[in-house]
Amino acid sequence: MNLLRTDNTANVSKYWTNDVYIETTSNYLADKIVYYDSNILNDNHITHSAVFSHIDGYYESKWGSWPLVRHLPTEVPPSYGTTYRYFKHTIVPNVADAELNNSMGEIVNKNESISFTSELNFNISKWTKRVECYIEDTHEINAIDEGWAEIESSHLEGFTATFYRSKQYEVYMLHYNKFNELIARSSIIINVQ
């Protein structure tokens, strides 16, 4: 994208208005903030922008010759202005399917802790903000509710589970973005002996 249009005016708003981003009033839904040096909200008055941090409510931006800074929306140098707009991403990746891997293969012993990791590519992983893990038997009965399995811990890349009953299970991990939209599913069949 060119910095300037053919008439030498700034060309920045194309980035915010090409259906990839839409304006939002919510700090917690926003992916980006654009700062202006006045109440005139056009390209010629844009002074700065910041991207959403992994810490809710905070943003990250490079302050000129200063370092990269994690900050609240209102905590920027005065030269960037006090007028700003929030934008959120409108394009969500298609739901991707991936495999869960564990170091012990598909046959495991009951009463042992097993770690699973998701084989998502980086582009999907960077969108993941929350995961849900669950385990079913071959009849789609929730193994955790039945006491046949337990999820001991989970994180964005995987989880640890223990199986208490010998049978075949399907282990699932659902990946959600910060808008609570499902973006990926991981699963594996496990035989517990």
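For the range 142-193, taking the residues that are over 30 Å from K88 (Cα atoms) and among the acidic types (D, E), the one that is least open to solvent (accessible area, probe 1.4 Å) is identified as E170. Residues in the range 45-63 that are outside any strand (DSSP E or B) and either among the β-branched types (V, I, T) or under 8 Å from I33 (Cβ atoms) (or both): I55 alone. For the range 110-141, residues that are open to solvent by 60 Å² or more (accessible area, probe 1.4 Å) and modelled with pLDDT of 80 or more total 14. Residues in the range 25-47 that are of a type in the set (S, T, Y) and touching a strand residue (DSSP E or B) at 6+ places or on another chain (Cβ under 6 Å): Y35, Y36, T47.
The values are calculated or read from the model by the stated rules, or taken from the named source; none is laboratory data. In this text, all values refer to a predicted model and were calculated from it rather than measured experimentally. Note: ideal-geometry Cβ built from the backbone for every residue, glycine included; neighbour counts use all protein chains shown. The accessibility values were calculated without ligands, DNA or RNA, using every heavy atom of the protein model including side chains. Shrake-Rupley method; radii C 1.70, N 1.55, O 1.52, S 1.80 Å.
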